[in-house]
1. From the list Leu9, Leu23, which one is modelled with pLDDT under 95, assigned to a helix (DSSP H, G or I) and among the aliphatic types (A, V, I, L, M)?
2. Looking only at segment 155-196, which residues are in a strand (DSSP E or B), closer than 14 Å to Asp127 by Cα and touching a residue at least 40 places away in the same chain (Cβ under 8 Å)?
3. Being within 22 Å of the chain's Cα centre (by Cα) and not in a loop (DSSP other than H, G, I, E, B) is true for just one of Ser81, Ser70, Ser59, Ser89. Which residue is that?
4. Would you point out the residue of segment 216-267, among those that are under 13 Å from the mean Cα position of the chain (by Cα) and of a type in the set (Asp, Glu), that is farthest from Ser175 (Cα to Cα)?
5. Before we move on, is Leu80 of a type in the set (A, V, I, L, M, F, W, C) and buried (at least 21 other Cβ atoms within 10 Å of the Cβ)?
6. Out of the residues in segment 131-175 that are under 16 Å from Glu115 (Cα atoms) and β-branched (Val, Ile, Thr), which is surrounded by the fewest Cβ atoms within 10 Å (Cβ to Cβ)?
7. Is it true that some residue in segment 137-146 is part of a loop (DSSP other than H, G, I, E, B) and more than 24 Å from the chain's Cα centre (by Cα)?
8. For segment 128-156, how many residues meet the condition of being at positive phi and among the β-branched types (Val, Ile, Thr)?
Amino acid sequence: MSRWAPKTLEVLGWTALLPMLGLCVTQWFGIEGRRTIAAFQALTPWVLVWAAPIALAASLTRRHPLAIASLAPLITLLALSAPVVFHGSAPAAAAGSPRLTIAYANALYSNPTPERAAAELLSSDADVLVIVELSNPMRQSMEALVAEGDYPFRDQTPFGGAGGIGIWSRREIVSGGIVAVDGRPTVDVVLDVDGSEMRVLGVHPYPPTFNAHSWSQQLAAIGDTFAASTLPTVVVGDFNGSRWHPSFRNLLGHGLRDTHEVLGLGWSVSWPMDEGLLPPTFVRIDHALFGTGVTPTSIRDVVISGSDHKGFVVTFAFTTSAAVSSGE
């Protein structure tokens with residue numbers, strides 16, 4: 001080996017490590033507010049994991065400062081990943097609790113096959129359908145395919161862009177509908193689930209790569225809306241954020257838990273889903289969150305034709321701490 005080889009490897013090691021350390025700083029101090037930072041944070045596990053071979057190579061070649069510095073990204077990654085790995089069990093469902101199944105999809109406002117996407121959602125036979133990026137073609141496809149008398153409780157706000165949102169429900173909507181949460185159209189309904197009430201929020205904040213400040217504010221507003229709820233509440237949607245984003249972790253700090261994580265699917269990913277295009281699917285930004293009073297019993301991801309997101313079908317039940325019947 002050339003006498004220059006170890007020095008060259010050390011230079012390459014520091015060159016690779018410095019961006020990792022910068023990423024760690026944004027995680028440690030919750031630094032956000034810029035599109036590039038949000039995009040970089042979404043890649044956190046894929047970036048920081050490379051500190052492991054750097055640490056190993058530095059140790060073997062006795063580059064001790066480099067080896068020690070490489071521990072910072074590894075410790076950061078372990079700390080951020082701990083809730084994904086050590087997620088705890090889902091709360092127990094109350095005996096005889098009714099179930100509510102929700103099918104969620106980001107349908108993509110420019111979806112070239114809305115009829116197929118609508119048919120796939122309806123094939124889930126879910127009690128409730130929540131769709132974000134609801135376009136007029138998608139809405140029309142849904143209305144054409146829904147059987148007469150099925151999903152009688154509905155509210156939609158379709159747009160030409162990504163702001164459309166809608167709900168189709170077999171369960172009675174006791175109150176609520178499409179509201180504005182920090183200026184963003186949001187489903188906020190209370191449903192009658194066999195005599196018990198459950199609040200369902202369907203959300204789609206701005207992507208941080210479009211407006212990082214507004215995105216962070218909207219996540220905070222969603223958290224405030226959830227915290228003010230006195231009912232068992234679930235929140236589904238495209239959060240445009242992941243566990244690797246400080247603002248999303250702050251949202252979870254309001255008492256919300258992620259269904260995919262709780263059911264052992266915390267490493268699953270949902271975006272992007274453009275077939276044959278780079279990058280590959282690498283991050284989960286579509287979530288089903290829940291608070292006290294409810295518990296997830298199952299969740300499965302589904303492919304929505306023409307969309308760049310995976311959807312999911314999730315089932316919730318009431319816990320032992322919630323009244324199974326409004327008469328109790």
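The values are calculated or read from the model by the stated rules, or taken from the named source; none is laboratory data. Quantities reported herein were computed from a predicted structural model and do not represent experimental measurements. With ideal geometry, Cβ positions are generated from the backbone for all residues, glycine too; neighbour counts draw on all protein chains shown.
1. Exactly one residue qualifies, and that residue is Leu9.
2. Passing the criteria: Trp168, Ser169, Val190, Leu191, Val193.
3. Selected residue: Ser81, the only one of Ser81, Ser70, Ser59, Ser89 that is within 22 Å of the chain's Cα centre (by Cα) and not in a loop (DSSP other than H, G, I, E, B).
4. My answer is Glu261.
5. no
6. Only one residue tops the list, namely Val146.
7. Looking for residues that are part of a loop (DSSP other than H, G, I, E, B) and more than 24 Å from the chain's Cα centre (by Cα), one finds at least one in segment 137-146, hence yes.
8. Here the count works out to 0.
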